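Notes follow the structure.
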Number of protein chains: 4
Amino acid sequence: MIIVLKKDSSATEIERIHQELSRWNVTTTTIPGKQKIVIGLVGDTANIDTRQIQALSSSIEQVLRINKPFKQASQEFRYGEPSEVVVSTPNGFVVFGQNHPIVHIAGPCSVENEEMIVQTAQFAKATGASFLRGGAYKPRTSPYAFQGHGESALGLLATAREITGLGIITEVMDTADLEKVASVADIIQIGARNMQNFSLLKQVGTTNKPILLKRGLSATIEEWLMAAEYILAAGNPNVILCERGIRSFDQQYTRNTLDISAIPVLRSLTHLPIMIDPSHGTGRSEYVSPMALAAIAAGADSIMIEVHPNPTEALSDGPQSLTFEQYEKLMQQMNNISKVLGRCMQTSEMLNSVHLPKFAPTLFPIASI
Amino acid sequence: MIIVLKKDSSATEIERIHQELSRWNVTTTTIPGKQKIVIGLVGDTANIDTRQIQALSSSIEQVLRINKPFKQASQEFRYGEPSEVVVSTPNGFVVFGQNHPIVHIAGPCSVENEEMIVQTAQFAKATGASFLRGGAYKPRTSPYAFQGHGESALGLLATAREITGLGIITEVMDTADLEKVASVADIIQIGARNMQNFSLLKQVGTTNKPILLKRGLSATIEEWLMAAEYILAAGNPNVILCERGIRSFDQQYTRNTLDISAIPVLRSLTHLPIMIDPSHGTGRSEYVSPMALAAIAAGADSIMIEVHPNPTEALSDGPQSLTFEQYEKLMQQMNNISKVLGRCMQTSEMLNSVHLPKFAPTLFPIASI
Amino acid sequence: MIIVLKKDSSATEIERIHQELSRWNVTTTTIPGKQKIVIGLVGDTANIDTRQIQALSSSIEQVLRINKPFKQASQEFRYGEPSEVVVSTPNGFVVFGQNHPIVHIAGPCSVENEEMIVQTAQFAKATGASFLRGGAYKPRTSPYAFQGHGESALGLLATAREITGLGIITEVMDTADLEKVASVADIIQIGARNMQNFSLLKQVGTTNKPILLKRGLSATIEEWLMAAEYILAAGNPNVILCERGIRSFDQQYTRNTLDISAIPVLRSLTHLPIMIDPSHGTGRSEYVSPMALAAIAAGADSIMIEVHPNPTEALSDGPQSLTFEQYEKLMQQMNNISKVLGRCMQTSEMLNSVHLPKFAPTLFPIASI
Amino acid sequence: MIIVLKKDSSATEIERIHQELSRWNVTTTTIPGKQKIVIGLVGDTANIDTRQIQALSSSIEQVLRINKPFKQASQEFRYGEPSEVVVSTPNGFVVFGQNHPIVHIAGPCSVENEEMIVQTAQFAKATGASFLRGGAYKPRTSPYAFQGHGESALGLLATAREITGLGIITEVMDTADLEKVASVADIIQIGARNMQNFSLLKQVGTTNKPILLKRGLSATIEEWLMAAEYILAAGNPNVILCERGIRSFDQQYTRNTLDISAIPVLRSLTHLPIMIDPSHGTGRSEYVSPMALAAIAAGADSIMIEVHPNPTEALSDGPQSLTFEQYEKLMQQMNNISKVLGRCMQTSEMLNSVHLPKFAPTLFPIASI
């Protein structure tokens, strides 16, 4: 349920409404949009009579029920106002969201050694990327395959962060590793195979770290938004949705089927920022660039791409990694297309000019880990 | 199997090689590319010793086997040279192919009456479209749903063609209707549900009409190319491949899952032109434009979109049809993106300046219906 | 819409009701069940007031609307009475239906030569099969693969029929071949790839031949029943539904995923008889027997299995064909399981004792081809 | 890699071979089959020359490499000998395996309160079930849905175990809960959504508790066996595989598509016992019984079914739960079919007569939690 307030409502009146609402068994969030101020109510709202709420204040314009099963993730919950996920990195604040530059993220599938990760980070920085991705804990189909260097890889990511100032995105696979991962990661990734690991979702929901939630291999759009809702409901509003290819009947020429239509569909359903990972989405480097361009054209807010100094020698996912040269060429094309559509790619120069949203929720810890 | 000839091979020598080849039980096609001249061999080539062929002439540079199950549809068969499907329309020749402007096609799901089809054709022409699409025979899930106006609708399409000079694309559902459909259509469509109607494929393969082959709902890329091979093998080289959404596990927010990655995958496998139909691909008008832009960005050679003067009153597929206004806006955006990528959208001004390929195969009927 | 009549309604009164109904724009069918007599109405029933119908006669117990999109195929249309598809074969009448012995059908994928088809027919007869299956026209993915011997194969099937008295099941792929196929086949098969070839469905609907309608590779249960509805709506009530494996994401160890749950689901939705084809359903001979037994246990009315005198030399589908010895062993097991469930396998001895249903619709041609 | 020993090899000689093998970097397991004794080698076997191993002893009949990616889970690893998972319950030992009675398991989706869980346990015991299933921690799509009573529900399961002597099967969702769950569960369930939660798989692999590994919603057979391999590779040989329905394109009439063909496929690939869960597999109580019978007919070693004293009032999964009466009727039918196939359903009388396998691995803890 949401309460839409008149634009000129006073802070005192808003505060008073919050206090009045405390009589019901609900938690409330204020969402200050460009056009309206909205108060979102979560809890046992089924039994609340909307007319009672309406009567609380003359500043209340409308009281609306949210009919979607995903409440806080729904577009309605913010009355159409896209949310902004603000991430603090050594180089400055980066904002993910529909009304912001398109954030691009580069890096290898897994952290292999210090030289390669630092080299890749330096390259990524040079292209304007604000984040480095790299796997420390790797979910692999076979127990006999390389499982990632784990804790020591986290140390190497910290080194790369220190040297370049890039933010770090890395995956957590288990609640037991969350503290360690959170100590290095600026954005914590939940991988496709853990999208419905509800214990993990609840746990990352109690942190204030931005969460990159990858879509499960055969998760419906609604299941995906419900997984995001687990994180939001636990108190963490900083969720970025990442499409990385779904499983279809045809796996002969691509590893997965990258669902580009998820972009406009999510846009019409949710306020959360949308990222596309064309590397896992196709599984073949020669298809990565056209699909990255398609993602930009369809309206993605962020692109994450696997690059490797030497893909043929990568310990994992070499066939889907771009070389530095390929990535640079792609960056140019993405930039050109984004401009045609009235957007642009994020560059390092932009970092210092970020104007933080007034009530920027990510900066004030909701809970410590 | 293909024979690659030196660029300066004389017509007399090529002719002589063809005659020599007649000793084997194969049919041959000459494919004049920009870099090379290639002779394609189809038939029982498994038993031919490539060294015997090589010895036929000093003009022969290389003799190569095609390992893909789709032979004539494979990129190798034309030695990497994209094929050009040339279509004669009242307004002039239109060429579908990778090195040509992007052809856009507009029209309603089904032909409803003279007024609406002529009005739509005139609008389509004004936007620069060279073709009008419109269903006369409609494959419908229910026997009780509107089945298309059939023969009388063909007449209305002929009228619209006469008035506007646009080429006509319409579907054939049965070998028994082929002659009637071919008398009006400039491009004959094989629908998704008939992609493996092998009798129909063989039959359209005996005509010289360009064929629009839609991908089946759960057809793999390879099955789709094998369906194209049926048409090519029957003697008709004029095949355009159209992706229109595949069936996945999630059908809640889109009717199908538009497989944009089919574009780069097909590009790497086949020389045939690639069309995208975002209307059926998504099933919802609000998602059509972002997906059309994604298709252009990923490299499509043609876009087919359902438009209707009044979508809410359409007899079929209203929810996925654009209004004229929406289509015009989309055209502008497609044009902008295509330019960034070094291509452009086809316009009516371009029609008169088409330089036909020297051996343009569509213009000389291989067989009459 | 159906009209349920009291059990003791007189023929005169039923006739009178039919005449009264002719005032509305509907066609009517009388379905004489064990408990009730039902009149089915098809046409523009949406505008009929059920109270008007109710008032027509005191013999009318109830007037019910059918809410499913498949009307005549729905269980409601026969008020829960399973339909019986009666097939005339040289050896006698065979009935497919829930309250009848389980019909088993054997034969090769394709008719290869006279010796093999006659030998297989004689073996099939010896096991108690009442039908021989065998492909004359074969839908093949590749245009270069064996396409079936066509018309000459039909001749060989006729020979096998003459020698053994078995009924013949063979596939039609095109409306143009229907007359030829119908002249030999006792049951006409519509293959999976043609399940939504609506022209073909309409055409076979105008014959009085029993139709074996295979489920499409990715057809939903509802689309399948709607395809059956096309045949029923065209006037042919003799439809048998055959599940033959659907396409899933996993094709490594089985060719398709045999959907055994289709059996109880169809039973709850339709009155039509249900057949299972575990040969195509699995694609591997070693999995055929367990899946055939599962089908019997789940309630199938008929089983169709590919057998071949020498599977390793079969021209098509050898890997999924049983040897004669394997088939005999399976027959014994199917018989044992069917008895436990209160049914039995059809044997040739049963043919002469068939009591035809009183209004047996298949015996009186609705339309000639 | 496996070493096949002659049947009459002495214990001393086997011991000596083990010691010789310690020179290579491998771990070894002895698998005493009915026909042969097999030593399985896991580790870096790629570099071992099989001839060197062969030369170790004249008792060695054969040295074979395992080509499947799943090594210890493969049928070859036990040279075709089915494994036996022995579970200790208060009432006695229960053995899961191909050559043992079919184990049936009943219980509610979630533990709701003491009365209902004890009542259900008593009913289950009366029908001959040796295990009670019941969810304490429930994976639910929505964060707002009932999440299970957690720890307190574990207490109620312990009570039901004490009163009835039944073994307990319940799910663990997080490594953090493993100790608590293992203190009550006789078999620990890994749910479908956690099938590729590799951290959890590794962790349960270090216990000696039997693990019920459910197939993921869109897991291929090979991915599922690789998930089992994670547990085996971590040292726990007691894995039971449970098929519970896969996700297909059709979810209208069943919640999932129960893949009955997984039974013969797994049988041909692995030695592990196979369980079927027709309740989740179909999602509708009316389809549970036919699918349970199909599973028995296809060769399942165990059946798990949701029963509830009052399905219409269940807190979760009511629509797929059988009533006590329905379950009793089904038991009778499963019993009849299993006998026809030369097997039988497990009953409580059988528990005391279990002869434990000589080297029964489950009874000697490999590692404590």
*For region C:293-303, in order, what is each residue's ³J(HN,Hα) by Karplus, 6.51 cos²θ - 1.76 cosθ + 1.60 with θ = phi - 60°, in whole Hz (x at glycine and Pro)?*
5, 4, 4, 4, 4, 7, x, 4, 9, 6, 10
_Please enumerate, by chain and number, the aspartates and glutamates with C-alpha under 18 Å from the C-alpha of B:K34, excluding those fewer than 8 residues away in the same chain._
B:D8, B:E61, B:E76, B:E81, B:E84
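Please state the charge dipole magnitude for region D:99-253, taken about the Cα centre, from unit charges on C-beta atoms (+1 on K and R, -1 on D and E), reported in debye and rounded to the nearest 20. List each step's numbers first, then the result.
Values: 13 positive and 15 negative charges, 34 e Å.
Charge dipole, region D:99-253, about its Cα centre: 160 debye, nearest 20.
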_Using only the Cα atoms of region C:2-65, what are the Rg and Dmax in Å?_
10.7, 31
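When DSSP beta bridges are limited to those with both residues in region D:85-363, what percentage is antiparallel, rounded to the nearest 5?
20
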*Would you tell me the mean number of C-beta atoms belonging to other protein chains that fall within 10 Å of each C-beta in D:255-268, as a whole number?*
6
*Amide H contacts under 5 Å for A:I168, placed H, 5+ residues apart*: A:L132, A:D186, A:I187
*asked:* Quick check: from the Cα gyration tensor, does region D:234-322 come out rounded (a/c under 1.5), prolate or oblate?
replied: prolate
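Only bridges whose two residues both fall in the protein assembly as shown count here: according to DSSP, what percent of them are antiparallel, nearest 5?
Details: 88 of 200 bridges.
Antiparallel bridges: around 45 percent, rounded to the nearest 5.
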*Positive-pole candidate from D:V26, D:Y144, D:L56, dipole of chain D, charges at beta carbon*: D:L56
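Let me make sure I get this right: for region C:85-363, a, b and c are the square roots of the gyration tensor eigenvalues over alpha carbons, sorted descending. Under 1.5 in a/c it's rounded, otherwise prolate if a/b > b/c, else oblate. Which is it?
Note, shape of region C:85-363 comes out rounded.
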*Quick one: which residues, 5+ away or cross-chain, put their amide H under 5 Å from the amide H of D:E61? H built at 1.01 Å from N.*
D:V4, D:L5, D:K6
_Ascending list, in nanometres, of distances separating the C:T159 label from those of the other copies (7 Å, Cα toward Cβ)_ = 5.7, 7.8, 8.0
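So for B:K34, C:K7, B:K125, fewest C-beta neighbours within 10 Å to most, what's the order? Intermediate values should be presented prior to the final figure.
Numbers: B:K34 9, C:K7 12, B:K125 20.
Sorted ascending by nearby Cβ count, the order is B:K34, C:K7, B:K125.
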*Label 7 Å beyond Cα on the Cβ vector: C:W24 copy-to-copy distances, nm*: 4.8, 7.0, 8.0
_If I histogram all Cα-Cα distances within the protein assembly as shown using bins 20 Å wide from 0, what percent of pairs lands in each bin?_
9, 32, 40, 18, 2
*Residue-averaged [θ]222 nm for chain B, counting only DSSP H segments that reach four residues, each worth -39500 (n - 2.57)*: -9500 deg cm²/dmol
*Distances from A:S183 to the same residue in each other copy, label points 7 Å out along Cα→Cβ, in nm, shortest first?*
2.9, 8.2, 8.6
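Let me spell out the model: positive unit charges on the Cβ of Lys and Arg, negative unit charges on the Cβ of Asp and Glu, origin at the Cα centre of the protein assembly as shown. What dipole size does that give, in debye rounded to 20? Each step should come with its number before you reach the end.
Numbers: 124 positive and 140 negative charges, 1 e Å.
So the magnitude is around 0 debye.
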*Rotation relating A and C, chain C residue nearest the axis via C-beta, angstrom*: C:F249, 3
*Taking Cα centroids, how far is region C:20-67 from region A:107-169 in Å?*
72
*Using the Cα centre as the reference, give the magnitude of the dipole from point charges on the C-beta atoms of region A:2-65 (Lys, Arg: +1; Asp, Glu: -1; all else neutral), rounded to the nearest 20 debye.*
180
*Counting pairs on different chains as well as pairs 8 or more places apart, how many Lys pairs in region C:85-363 have Cα atoms under 18 Å apart?*
7
_Per residue of region B:128-139, what does 6.51 cos²θ - 1.76 cosθ + 1.60 with θ = phi - 60° give for ³J(HN,Hα)? Whole Hz please, x for Gly and Pro, Karplus curve as stated._
x, 5, 9, 9, 10, 9, x, x, 9, 9, 10, x
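Over chain A, what is the relative contact order in percent, taking alpha-carbon pairs closer than 8 angstrom and at least six residues apart? Before the final figure, lay out the partial values.
Values: 772 pairs, mean separation 64.5, N = 369.
So the answer I get is 17 percent.
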*Looking only at Cα atoms, what is the convex hull volume of region D:1-143 per residue, in Å³?*
177
_I need the phi-derived Karplus couplings for region C:7-21: 6.51 cos²θ - 1.76 cosθ + 1.60, θ = phi - 60°, integer Hz, Gly and Pro marked x._
4, 9, 4, 7, 4, 4, 5, 4, 4, 4, 4, 4, 5, 4, 5
*Which of D:G167, D:Q189, D:L272 sits closest to the plus end of the dipole of chain D, meaning its Cα is farthest towards the positive end, when Lys and Arg get +1 and Asp and Glu get -1 on the C-beta?*
D:L272
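Where a number appears in this text, it was derived from the coordinates with a stated rule and is not lab data. For clarity, every value in this text was computed on a predicted model and none was experimentally measured. All Cβ positions, even for glycine, are placed from backbone atoms using ideal geometry, and neighbour counts span all protein chains on display.
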